[in-house]
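So the structure is just underneath, and the comments pick up after that.
The values are calculated or read from the model by the stated rules, or taken from the named source; none is laboratory data. Computed from a predicted structure; not experimentally measured. Neighbour counts are summed over all protein chains in view; Cβ atoms, including those assigned to glycine, are modelled from backbone coordinates with ideal geometry.
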């Protein structure tokens, strides 16, 4: 090519999202597929957010507030933080991109787990920084000790996804506290709490406590995609010290959060009844899946999210393809360095039942064939 892309793109593997239901149905000529691959909320959209979006559509001819003032103010009040400590984006991915643009230069280092959210990798490499990947610890858990040992004077960002995607496991408050004590002030720790609302363990960290105490080298990310059922609307948000957040406004898109999304977020953050319902049903569905995995003799990671990582074995890819042919979409995990595993989102009771029946037929059939 006479016109060449910048060299940071050379190492990037394109992110492949979960297969859409419409695509699978076109391929197979079926009309009843279910998707348990993208950790979406199977109970739909927050009713308060839906009503707010309908009202906002009447002003669709106007540009949105580029500063997302009302949404940021609602978030700041809800979480007892200041407006200038609050940032929003077109999904949390957008804020990860802004962090990369604001804080990375050629040759800087970024640490992330080898089995974690791949968007960290993409924007690190796009900025021509060096990606340092650490392995998981036992039981599919993020290894904070390995991350701490990997920090060098060139380390600018460390990403800690907690609970982690795709494993669903968490680091405890004590573990995170010991890790933060080892991180130098020159390294920014990004705590990705996308699934925090589902984590009900008593020792789950209070990530925002670090922000409230004034620590400058920490940013906490959250999302409306999961518990609020707004994955298709794209709203992520984050918190940090005002001096740490300020540079993000220099690199963000002018109107990165549209008017309908802003209205949805303001309403959703107050829809506590919908959140409670989602969390309770998710807990019940998670227990259903885990009981079935135990009965089938399939190891799984202890999940604190709305999905479960199950270890199928060497035939994981074949099982995933067989499930597709049965109209059940789950997430293969080879791209996460977990080729023997599948990630299964927690659906409605009917969806969970259909998946488990299909999985059992495949597992039992494989055992009989052996």
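For this structure, a couple of remarks:
- Residue 21 vs. criteria surrounded by 11 or more Cβ atoms within 10 Å (Cβ to Cβ), outside the structural domain of residue 219 (by TED's automatic domain parsing) and out of contact with any strand residue (DSSP E or B) (no Cβ under 9 Å at 6 or more places or on another chain): no
- When each of 332, 314, 339 is tested for being without any contact (Cβ under 8 Å) to a residue 40 or more places away in the chain and more than 27 Å from residue 231 (Cα to Cα), the lone residue that passes is 314.
- Taking segment 11-46 as the range and being more than 19 Å from residue 346 (Cβ to Cβ), touching a helix residue (DSSP H, G or I) at 6+ places or on another chain (Cβ under 8 Å) and not in a loop (DSSP other than H, G, I, E, B) as the test, the residues that pass are 11, 24, 28.
- Selection within segment 262-278 - touching a residue at least 24 places away in the same chain (Cβ under 8 Å) and either within 15 Å of residue 197 (Cβ to Cβ) or outside any helix (DSSP H, G or I) (or both): 265, 268, 269, 270, 271, 274, 275, 277, 278
- For segment 335-353, the tally of residues that are under 17 Å from the mean Cα position of the chain (by Cα) and in a helix (DSSP H, G or I) stands at 2.
- For segment 299-326, a residue qualifies if it is over 30 Å from residue 276 (Cα atoms), part of a loop (DSSP other than H, G, I, E, B) and touching a helix residue (DSSP H, G or I) at 6+ places or on another chain (Cβ under 9 Å), and the qualifying residues are 312, 313, 315, 326.
- Filtered residues of segment 291-311 (kept if surrounded by fewer than 18 Cβ atoms within 10 Å (Cβ to Cβ), within 21 Å of the chain's Cα centre (by Cα) and free of Cβ contacts under 8 Å to residues at least 60 places away in the same chain): 311
- Look at segment 213-240: where a residue is without any contact (Cβ under 8 Å) to a residue 12 or more places away in the chain and a partner is surrounded by fewer than 24 Cβ atoms within 10 Å (Cβ to Cβ), sitting 6+ places away or on another chain with Cβ atoms under 9 Å, you get 232/40; 232/45; 232/225.
- Residue ranges of helices (runs of 4 or more DSSP H) in segment 78-185 with at least 3 members touching a strand residue (DSSP E or B) at 6+ places or on another chain (Cβ under 6 Å): 92-103, 119-126, 144-150
- Boolean, residue 281 is under 22 Å from residue 338 (Cα atoms), modelled with pLDDT of 95 or more and in a helix (DSSP H, G or I): no
- Meets criteria (modelled with pLDDT under 95 and surrounded by 14 or more Cβ atoms within 10 Å (Cβ to Cβ)) for residue 366: yes
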